[in-house]
Protein chains: 2
Amino acid sequence: MKPIIIRTIAELRQEISAYRRRSSYDQKVGFVPTMGYLHDGHASLLRKSVSDNGLTVLSIFVNPIQFGPGEDLDKYPRDEERDIRVATEAGTDIVFLPSVQEMYPQSRVTTVTVAEVTDSLCGASRPGHFDGVATVVAKLFNIVQPDRAYFGMKDAQQVAVVTRMVQDLNLPVEIVPCPILREKDGLALSSRNVYLGAEERTQALQLSKSLSQVEEWIMEGMTATQIIARLKAEIEFFPLADIDYVDILTYPELTPPNGELPLKEIDVSLLVAVAVRYGKTRLIDNKLLNPSEVGADLCFAK
Amino acid sequence: MKPIIIRTIAELRQEISAYRRRSSYDQKVGFVPTMGYLHDGHASLLRKSVSDNGLTVLSIFVNPIQFGPGEDLDKYPRDEERDIRVATEAGTDIVFLPSVQEMYPQSRVTTVTVAEVTDSLCGASRPGHFDGVATVVAKLFNIVQPDRAYFGMKDAQQVAVVTRMVQDLNLPVEIVPCPILREKDGLALSSRNVYLGAEERTQALQLSKSLSQVEEWIMEGMTATQIIARLKAEIEFFPLADIDYVDILTYPELTPPNGELPLKEIDVSLLVAVAVRYGKTRLIDNKLLNPSEVGADLCFAK
């Protein structure tokens with residue numbers, strides 16, 4: 001069945017509130033906020049929401065306030081028709097497609113800021129980015145009022161930021177982190193992958209290749225400092241790679257572990273995260289692991 | 001009937017959600033957030049909520065993060081027993097009395113900031129104050145999820161800040177501003193009035209006396225600059241008065257009107273606001289008016 005397409009906040013609230021009124025208490029509302037140009041990673045979030053909830057709402061909104069000056073807001077890829085097709089196939093009930101005017105009708109004076117977890121990684125290289133993310137996610141949560149919201153772990157720091165915001169502001173929503181989806185050759189799915197030239201794409205495969213080796217390196221007794229250096233060397237071996245960051249941090253606090261201890265001696269969840277430019281395209285990828293459990297199955301669920 | 005006393009977020013959510021499930025759609029939840037030490041101003045908010053809604057929730061929480069260093073957090077007056085009596089008499093259904101640990105269980109990293117409307121008045125004299133207010137009100141709104149929330153216009157800037165936050169973050173709650181309540185002699189009701197010595201209290205009566213003259217002065221053709229000067233002179237005539245600010249701003253934007261035009265020529269709502277220390281006690285008071293409607297009945301409703 002085709003989803004209902006809604007472009008205004010008032011209509012969306014009416015639709016969801018009508019659903020709540022006609023449904024029993026245990027029929028929940030699931031929400032997948034996206035910037036559109038959906039790939040199978042997004043589709044996997046939608047499918048998970050459809051299987052968990054009675055109503056699934058997808059939002060598609062390229063949020064201007066999370067882009068910095070000189071970033072790719074204007075050329076961020078869009079394809080509404082294809083997005084609706086993907087949403088339909090995944091079983092989505094409502095697609096919310098607000099305009100910028102609908103989301104920001106007046107000058108924005110209210111900002112939600114999440115400190116500390118935004119100091120590192122993308123927060124450090126994209127100043128103000130996570131203020132924009134936290135603010136729009138808070139808005140969307142207040143508009144949709146979902147019981148559960150689904151986020152991909154490719155943006156692991158975003159999941160950490162949103163989770164902390166939900167705790168600190170007592171937002172009545174459960175955050176469900178979902179695993180990274182990859183191409184057959186390992187490249188993490190991203191709307192930005194369409195920008196990659198053929199040679200850039202080939203060289204970018206090193207990201208997932210190197211990340212997949214980290215568990216072995218930990219078992220061999222390497223420290224965080226050593227692993228970071230090795231990741232950098234492997235990625236930079238390819239001349240088109242321009243590293244933004246390569247880092248290992250505790251998760252979800254995002255603080256540095258002791259860099260001089262063999263990681264296998266540290267019993268805490270760790271995020272190995274990379275951001276690398278290939279030409280004009282900035283890619284991110286990561287691996288979440290608990291060093292003391294390396295070798296065991298990893299689970300991204302809460 | 002005595003209200004239910006609740007001290008944890010989980011219990012409060014359970015109680016309100018049970019009410020929602022057993023009630024019809026038009027039975028609303030009203031919410032009165034306070035810092036306790038209730039006076040008849042608070043009671044009037046509670047009575048209004050009780051008359052408008054099926055369920056009225058009062059919160060009493062002296063919010064540490066809205067007090068600056070050197071402010072009166074530690075000696076802020078508290079009297080739980082009397083507060084519960086006032087709440088009972090007003091017909092309150094639930095009194096929410098969370099501990100600081102319950103509201104801030106971990107280091108606070110998330111802040112809601114409302115810019116512009118916080119630049120003037122109390123926002124200028126109490127840096128960070130309105131970040132603390134906006135953050136705790138957002139938390140309380142997310143915890144209680146009320147349909148309507150009631151605020152006294154004595155804290156007119158607070159009403160402007162909360163209203164703007166609700167708009168910007170799409171919080172699903174209606175803000176209901178309610179008129180200032182006064183003693184028979186004109187002193188605006190405030191929990192801080194208990195601090196005033198007899199002579200301080202007498203001299204503080206000039207605040208409401210001067211504010212009540214502003215309409216006349218406007219009809220006489222005075223400008224904002226002239227009225228501010230006259231208010232200051234009248235208040236400072238009393239030697240215990242130590243003026244923090246006296247200002248006239250548009251409402252709810254809180255921007256300065258043209259100070260050189262006679263105010264009766266300006267067709268915009270204006271807030272005349274004062275903050276004055278008498279000894280160690282800082283009092284605020286204000287008058288909201290539309291100069292083009294001076295003489296007509298004022299209405300604080302939305």
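Throughout, read-outs are computed from the coordinates displayed, never taken from laboratory work. Everything numeric here is computed off the predicted structure, so don't read it as measured data. Here the Cβ is made from the backbone with ideal geometry for all residues, glycine too, and neighbour counts use every protein chain on show.
Structure data summary
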quantity: Rounded, prolate or oblate (a/c below 1.5 giving rounded, otherwise prolate when a/b exceeds b/c) for chain B by Cα gyration tensor; calculated: prolate
quantity: Under Karplus coefficients 6.51, -1.76 and 1.60, residue-wise ³J(HN,Hα) of the range B:275-286 in Hz, glycine/proline x; calculated: 9, 9, 8, 10, x, 8, 9, 9, 10, 10, 7, 6
quantity: Net dipole in debye of the range B:196-293 [+1 Lys, Arg Cβ; -1 Asp, Glu Cβ; about Cα centre; nearest 20]; calculated: 380
quantity: Under the Karplus curve 6.51 cos²θ - 1.76 cosθ + 1.60, θ = phi - 60°, whole-Hz ³J(HN,Hα) for the range A:108-113, x wherever Gly or Pro sits; calculated: 7, 10, 9, 10, 9, 10
quantity: Amide hydrogen neighbours beyond the local backbone of residue B:61, cut-off 5 Å, H modeled; calculated: B:34, B:35, B:36
quantity: Residues B:42, B:129 arranged by fewest to most Cβ contacts within 10 Å; calculated: B:129, B:42
quantity: Residues whose placed amide H lies under 5 Å from that of residue A:31, excluding near-sequence neighbours; calculated: A:57, A:148, A:149, A:150
quantity: Inter-copy spacing of residue B:225 label points, which lie 7 Å from Cα along Cα→Cβ, given in nm from shortest upward; calculated: 6.5
quantity: Degrees, to the nearest 10: B:224-236 long Cα axis against longest axis of chain B; calculated: 80
quantity: In order through the range B:86-100: 3J(HN,Hα) via Karplus (6.51 cos²θ - 1.76 cosθ + 1.60), integer Hz, x for Gly, Pro; calculated: 4, 4, 4, 4, 7, x, 4, 8, 9, 10, 9, 10, x, 7, 4
quantity: Volume per residue that the Cα convex hull of the range B:1-64 spans, once the total is divided by residue count, Å³; calculated: 100
quantity: Rg in Å to one decimal, and Dmax rounded to a whole Å, for the range A:1-143 via C-alpha atoms; calculated: 15.9, 48
quantity: Other-chain or far-sequence residues with amide H under 5 Å of residue B:253's (modelled H); calculated: none
quantity: Tensor-based shape of the range A:191-290 (alpha-carbon gyration tensor, a/c under 1.5 rounded, otherwise prolate or oblate); calculated: prolate
quantity: Most positive-pole-ward Cα, B:132, B:98, B:34, against dipole of the range B:4-178 from beta carbon charges; calculated: B:98
quantity: Chain B, dipole about Cα centre (Lys/Arg Cβ +1, Asp/Glu Cβ -1), debye to the nearest 20; calculated: 1000
quantity: Sorted peptide list for B:131-144, A:57-70, criterion being average Cβ within 10 angstrom, highest first; calculated: B:131-144, A:57-70
quantity: Cα-based reach from residue B:2 at 25 Å (exclusive), listing lysines while leaving out same-chain residues under 8 positions away; calculated: B:28, B:48
quantity: Other-copy label distances relative to residue B:1, 7 angstrom Cα-Cβ extension, nm; calculated: 3.9
quantity: Diffusion coefficient, µm² s⁻¹, Stokes-Einstein with Kirkwood Rh over alpha-carbon pairs of the protein assembly as shown at 20 °C and 1.002 mPa s; calculated: 80
quantity: Other-copy label distances relative to residue A:253, 7 angstrom Cα-Cβ extension, nm; calculated: 4.7
quantity: Dipole moment magnitude, nearest 20 debye, the range B:4-178 about Cα centre, only Lys, Arg, Asp, Glu C-beta charged; calculated: 360
quantity: Residues A:200, B:102 arranged by fewest to most Cβ contacts within 10 Å; calculated: B:102, A:200
quantity: Cα lying deepest toward the dipole's positive end in the range B:13-151, options B:151, B:76, B:117, charges on Cβ; calculated: B:151
